[in-house]
Every structure is written in structure tokens, then in C-alpha cells.
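Since the structure comes first, as C-alpha cells, the remarks are kept for the end.
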Amino acid sequence: MRPLITPVMIARDEQRFLPGALQSLSLLGPMAAPACLYDTGSVDATMNIARSAGATVRVGYWDDDFARARNEAVAMSGTSWVLSLDADERVVVRPALLHAALLAAERQDLDALVFELDDVRDGQVVNTAPMIRIFRPARACFRNRIHEIVVPRDGGTLRVRAIPREALHVRHVGYEPGEAMTRRHRRNTRIGDLEVEAARGQGADARLLVEALVNRGRSRSLGGDWAAGTPDWLEARSYAADTTFRLYAAELLARAHIEIGRPSEAVPFLQAMQREGSDANLVAWLTAQAFTAAGRAQQALDALQGVSAPVSALGERHGLAPLLQARMLAAAEVGETARAIDDAVELMAGHGVKGFARLLTLMWGDRPAEELTARLRAADRGHLDQVVTEFERLAGEGDKRADAVWRCATGEQAL
């Protein structure tokens with residue numbers, strides 16, 4: 001089998017995350033050429049780790065331009081297709097299906113393919129976004145210093161198709177609080193300033209300025225400082241630019257006002273989202289969050305009826321676990337216990353969300369532990385060991401009802 005695709009990466013001091021990325025890439029098998037890594041100034045073991053895994057390494061430099069660095073990595077490849085990844089990302093792949101998708105893309109003369117990227121935090125998928133990071137180097141390249149995107153080299157339109165999730169999807173695992181996040185925030189904000197300054201140049205395209213402002217606001221709000229991003233998003237909304245980024249700015253502003261505790265100020269942006277064609281599920285989801293922030297649990301619960309898979313203007317799909325959690329808590333607060341129990345069981349056994357065993361025990365009350373055990377078993381998607389551990393912890397604290405569930409789960413009627 002000739003290699004069809006080359007994994008390409010940029011990295012700097014990624015000795016912690018890089019081994020996991022390279023291990024996952026090994027699953028691609030002979031359809032993939034050895035990975036190419038463009039190093040932007042590592043002083044740790046990053047380059048040695050990459051070389052030991054068989055990757056081709058080039059010593060490069062950093063100039064506050066992600067697109068340039070990524071294009072340098074792409075230029076190292078020698079196959080028809082590249083797959084661009086970061087060190088804190090992991091591929092989940094079925095090689096035969098991906099190989100078939102690439103061959104089909106060649107027959108259809110496509111330029112790029114879209115895969116799903118899961119943002120994983122504390123073991124949970126908080127949202128899923130479509131990513132164009134499989135493409136033909138001869139036809140496409142990266143653009144933007146920050147929040148870089150793939151664009152056609154000839155200025156036209158990319159011919160793109162989505163590949164099945166079971167063929168390939170990617171898990172991002174690197175967002176963690178701490179000094180690394182602080183450094184990333186400072187760096188991204190600095191780059192965002194450069195991008196906006198360039199977009200403000202004489203005769204600049206308003207669409208590019210709106211995109212740059214939205215992206216700088218995203219950089220400024222990294223780590224949860226939503227107020228820091230609002231000036232850029234408000235300015236982006238002030239331009240009559242025909243771009244999805246302008247609508248995305250309204251979504252970000254609505255969420256920002258909810259997050260900083262001013263839910264009433266989110267209303268004009270929620271109304272604008274409705275007028276301008278935002279996904280109805282997303283509008284309902286943000287509306288429910290605004291009601292929750294305002295202490296109006298029943299209205300939040302009403303808003304969440306029938307809501308599933310909210311999608312942003314940029315195609316990001318929000319994870320179901322946060323939605324289920326919000327609905328569970330609202331239902332519990334207004335006394336709709338049966339609905340709250342349904343969501344709690346799904347959260348814990350279906351999505352692996354921790355911390356709700358005590359609430360579920362209280363809501364379940366004195367009903368037979370065997371029935372709760374059966375419901376947890378039926379909802380299981382690989383998280384029951386964790387659920388059992390939570391009930392065991394409560395049992396050790398003297399909770400008799402949790403003890404009954406735990407004994408049932410670990411006895412003859414084991415989960």
C-alpha cells in the first residue's frame with residue numbers, strides 16, 4: 001500500500017503531550033507516511049521524542065504566525081494529502097475506512113475533507129467541531145496568524161466533503177488551567193492584536209476584519225475571561241459584513257453576558273440570533289442558560305424541551321452532557337423528579353459525568369436499589385465502574401441508600 005497521507009505537526013516544548021499523539025498516529029498504519037514535525041523552538045525533549053518515533057523533524061522558528069508555521073510543516077510532506085494535528089490531539093481511526101474515504105475523495109477530485117474534533121475536558125466531550133485539516137497541499141494552505149483556517153491556494157472555493165466519524169475523528173485533550181494556559185492566553189492575545197492591525201489596513205475587507213476581531217476576542221477570553229472578549233465582538237457586530245463570523249459574534253456575546261452574571265443583557269443578542277438564522281437548538285440552549293442564571297428554573301426547563309445537539313454559526317456542535325446536566329438540575333429544582341432521575345442516570349452511566357451520585361440517591365429515595373441498578377446498567381456506555389466507585393464512596397460515608405445501590409451493583413446482580 002502506498003502512503004496516501006502524511007501527519008504534519010508544529011510543536012514547541014510538547015514532551016508531555018507528544019508521545020500520546022504519535023502513538024495514536026501509529027494506528028494509521030501503512031496508508032500514512034512518517035509524521036513531519038516543524039519545531040518552533042523547543043528546549044525540552046520534543047524533537048528527540050519525535051525522531052525516536054520515526055518522525056521527520058525540521059528545526060524552525062516562531063514569529064507569532066501559526067499559519068506560516070503550519071504551512072512549513074505541510075511543505076515537509078511528500079504525499080497527496082496531509083493531516084494537520086497538534087501534540088495534544090489524538091486520532092481515533094479505522095484505517096480501512098479512512099483509506100476508502102481518501103480514495104473516494106481523489107475520484108471526486110476533492111480538495112479537502114472534514115473530520116470531527118471533540119473537545120475533551122475532565123474526560124467529557126464538551127463540544128464537537130468540524131475541522132478542515134485533511135487537504136491536498138498542492139491546492140490548499142493555512143491562513144491567519146491565530147485561529148488559522150485552510151483556504152484554497154488559488155483564491156477560489158474549496159471542494160470539501162465530510163468523512164464518516166467512524167473513519168476518523170480527533171480528541172483534543174490539552175485544555176488545562178495553570179501557567180501553561182496563562183502563557184497561551186498572553187501569546188494568543190498578542191497574535192490577535194497583530195491580526196486585527198493587519199485587517200484594519202487601508203482598503204481592508206470588512207469580512208476579514210470581522211473574522212480577526214472575533215478571533216482576537218476568543219483569544220482574550222481564553223480561560224474564561226468572557227468580559228475581555230466583548231469589546232471585539234461588539235465591534236464585529238457593528239460591521240454590515242456578510243460573514244458567519246458576524247453571527248458567531250452575537251452567539252459569543254449572548255454567552256458572555258450569561259457567564260459574567262448579566263443574563264438580561266443577553267436578550268438582545270438572543271433576539272438577533274433568531275432574526276439572523278442561528279440554529280434554533282442553540283438559541284434555546286442559551287436562553288435556558290440565561291433563565292438559569294436569573295434563577296428561573298421552570299423557564300429554563302421549558303426552554304430545554306426538545307433541545308438536542310446545538311450547533312454554532314461556525315458548525316461547532318455542543319456536547320449533550322452540559323445540556324443534560326442543566327435540564328436535570330432545573331427539573332430537580334422544580335420538583336420534576338422522574339425527569340431529573342432520567343437525566344442523572346444518562347449523565348452518569350451514559351456520559352461519565354462525575355459528582356451526581358448523592359443527588360441521584362436523594363431523588364431515588366426508598367425505591368428498590370435493584371431498579372436503579374438496572375437503569376444504570378441499561379444506560380451504560382462504558383462508565384459503570386466509575387459510577388459504582390461513586391456509590392461506594394457515599395456508602396463509606398454512612399449513606400444507607402447509596403450502600404444498598406453499591407451492594408446491589410457489586411453483588412450477585414453486578415452491573
*In this structure, does Pro3 turn out to be out of contact with any helix residue (DSSP H, G or I) (no Cβ under 7 Å at 6 or more places or on another chain) and either surrounded by 19 or more Cβ atoms within 10 Å (Cβ to Cβ) or assigned to a loop (DSSP other than H, G, I, E, B) (or both)?*
no
*Would you pick out the residues in segment 89-136 that are in contact with a His (Cβ under 7 Å, 6 or more places away or on another chain) and modelled with pLDDT of 95 or more?*
Glu89, Val92
*Arg90 passes all but one of (1) in contact with a Gly (Cβ under 8 Å, 6 or more places away or on another chain); (2) assigned to a helix (DSSP H, G or I); (3) closer than 22 Å to Leu222 by Cβ; which number fails?*
(2)
*What tally of residues in segment 351-398 results from selecting those that are of a type in the set (Val, Ile, Thr), open to solvent by less than 20 Å² (accessible area, probe 1.4 Å) and under 28 Å from the mean Cα position of the chain (by Cα)?*
2
*Quick one: what pairs do we get from segment 37-51, first residue over 12 Å from Ala87 (Cβ atoms), second open to solvent by less than 20 Å² (accessible area, probe 1.4 Å) and among the polar types (S, T, N, Q), C-beta under 6 Å, 6+ apart or different chains?*
none
*Give me the pairs, please: first residue somewhere in segment 220-237 and touching a residue at least 60 places away in the same chain (Cβ under 8 Å), second residue anywhere and open to solvent by 60 Å² or more (accessible area, probe 1.4 Å), beta-carbon distance under 9 Å, and either six or more positions apart or on two chains.*
none
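Answer yes or no as to whether Val57 is touching a Pro at 6+ places or on another chain (Cβ under 6 Å), under 23 Å from Arg187 (Cβ atoms) and touching a residue at least 12 places away in the same chain (Cβ under 8 Å). Don't jump to the end; show me each part of the working.
On the way: touching a Pro at 6+ places or on another chain (Cβ under 6 Å): no; under 23 Å from Arg187 (Cβ atoms): yes; touching a residue at least 12 places away in the same chain (Cβ under 8 Å): yes.
No: the conditions fail for Val57.
Do any helices (runs of 4 or more DSSP H) lying entirely in segment 315-415 carry at least 1 residues that are in contact with a Pro (Cβ under 8 Å, 6 or more places away or on another chain), and which ones are they?
Values: elements: 320-333, 337-345, 357-364, 369-379, 384-396, 400-410.
Passing ranges, in order: 320-333.
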_Six or more apart or on different chains, Cβ atoms under 6 Å: show the pairs whose first residue is in segment 22-33 and in contact (Cβ under 8 Å) with a residue 24 or more places away in the chain and in a helix (DSSP H, G or I) and whose second is of a type in the set (Val, Ile, Thr) and surrounded by fewer than 18 Cβ atoms within 10 Å (Cβ to Cβ)._
none
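Can you confirm whether Ser24 is closer than 23 Å to Leu113 by Cα and surrounded by fewer than 19 Cβ atoms within 10 Å (Cβ to Cβ)?
Working: closer than 23 Å to Leu113 by Cα: yes; surrounded by fewer than 19 Cβ atoms within 10 Å (Cβ to Cβ): yes.
It is true that Ser24 is closer than 23 Å to Leu113 by Cα and surrounded by fewer than 19 Cβ atoms within 10 Å (Cβ to Cβ).
Conditions (1) touching a His at 6+ places or on another chain (Cβ under 7 Å); (2) among the aromatic types (Phe, Trp, Tyr); (3) free of Cβ contacts under 8 Å to residues at least 40 places away in the same chain; (4) more than 20 Å from Val267 (Cα to Cα), marked per residue:
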| site | (1), (2), (3), (4) |
| --- | --- |
| Leu286 | no, no, yes, no |
| Ala297 | no, no, yes, no |
| Ala303 | no, no, yes, no |
| Ser308 | no, no, yes, yes |
| Gly315 | no, no, no, yes |
| Ala321 | yes, no, no, yes |
| Met328 | no, no, yes, yes |
| Glu333 | no, no, yes, yes |
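Per-residue answers, yes or no, for (1) in contact with a Gly (Cβ under 7 Å, 6 or more places away or on another chain); (2) touching a residue at least 12 places away in the same chain (Cβ under 8 Å); (3) under 23 Å from Arg165 (Cβ atoms):
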{"position": "Gln15", "(1), (2), (3)": "no, yes, no"}
{"position": "Pro19", "(1), (2), (3)": "no, yes, no"}
{"position": "Ala67", "(1), (2), (3)": "no, yes, no"}
{"position": "Pro95", "(1), (2), (3)": "yes, yes, yes"}
{"position": "Glu106", "(1), (2), (3)": "no, yes, yes"}
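The values are calculated or read from the model by the stated rules, or taken from the named source; none is laboratory data. Only a predicted model underlies this, so the values are computations on that prediction, with no experimental measurement involved. All Cβ positions, glycine included, derive from the backbone under ideal geometry; neighbour counts span all protein chains shown. Surface areas here come from the heavy atoms of the whole protein model, side chains and all, with no ligands, DNA or RNA. Shrake-Rupley method; radii C 1.70, N 1.55, O 1.52, S 1.80 Å.
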